[in-house]
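What follows is a short report on a single structure.
Each reported figure results from applying straightforward, stated rules to the coordinates on display, with no laboratory input. Owing to the predicted nature of the structure, the values given are computational and were not obtained by experimental measurement. Every residue, glycine as well, gets a Cβ built from its backbone with ideal geometry; the counts of neighbours run over all protein chains shown.
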Amino acid sequence: MTKKKNTDEEVAMEVDDVDIETDESGNPEELIKRLRGKIEACEKEKREYLDGWQRSKADFVNARREEEQSRSSIRKYAKADLITEILPIADNFERAMANAEAWHKVDENWRKGIEYIYSQLQQVLENHEVKPIGMPGERFDARLHQPVEAVSTDDPNEDDIIFSVLEKGYSLHEHIVRPAKVTVAHYSGKGGGQAQE
């Protein structure tokens, strides 16, 4: 009996905590009905809070992911300005070594030193995922190449093919830092390359 009495007292305390008044008749069915209504309201409110919390958490995770992608992109392309300033140095090395006759007249030790410095520069660019673009024989692509001159050809298969590269282009992580300056073959057909009216 004592155990039952304690349980009833605990239930009474819980009912007092819920702050539901019994009706005048003290009808327990009416009390249970009101308690169920209160529980349903609490469950609904709990679901709303849980849904709101889950949406906020998802928004936070998405915002963090977008921020990381933005930072990664900034880090990836922040070097572009510096690389643009370094590329003319690589061009000057290539121009100096392009004239094979004059280049081989230079003292061999000095020439090897310059070639070694040039290879180091190329390695640094490669380490930062800077890649040269534009090679003779490639098909012309306006996104990658800047045409400087058109060269006539009688072979239709050579139309829009890069004839020579005047200045290498470079890409950084698939982003074009500088397009290649090229001469492009143009099929002249039977008209000898002259425009027909």
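Couple of notes before you dig in:
- Average Cα contact separation per residue, the stretch 80-191, under 8 Å, 6 or more apart, as relative contact order %: 26 percent
- The peptide list 77-85, 131-139, 106-114, 162-170, put in order of mean Cβ contacts within 10 Å with the highest first, becomes 162-170, 131-139, 77-85, 106-114.
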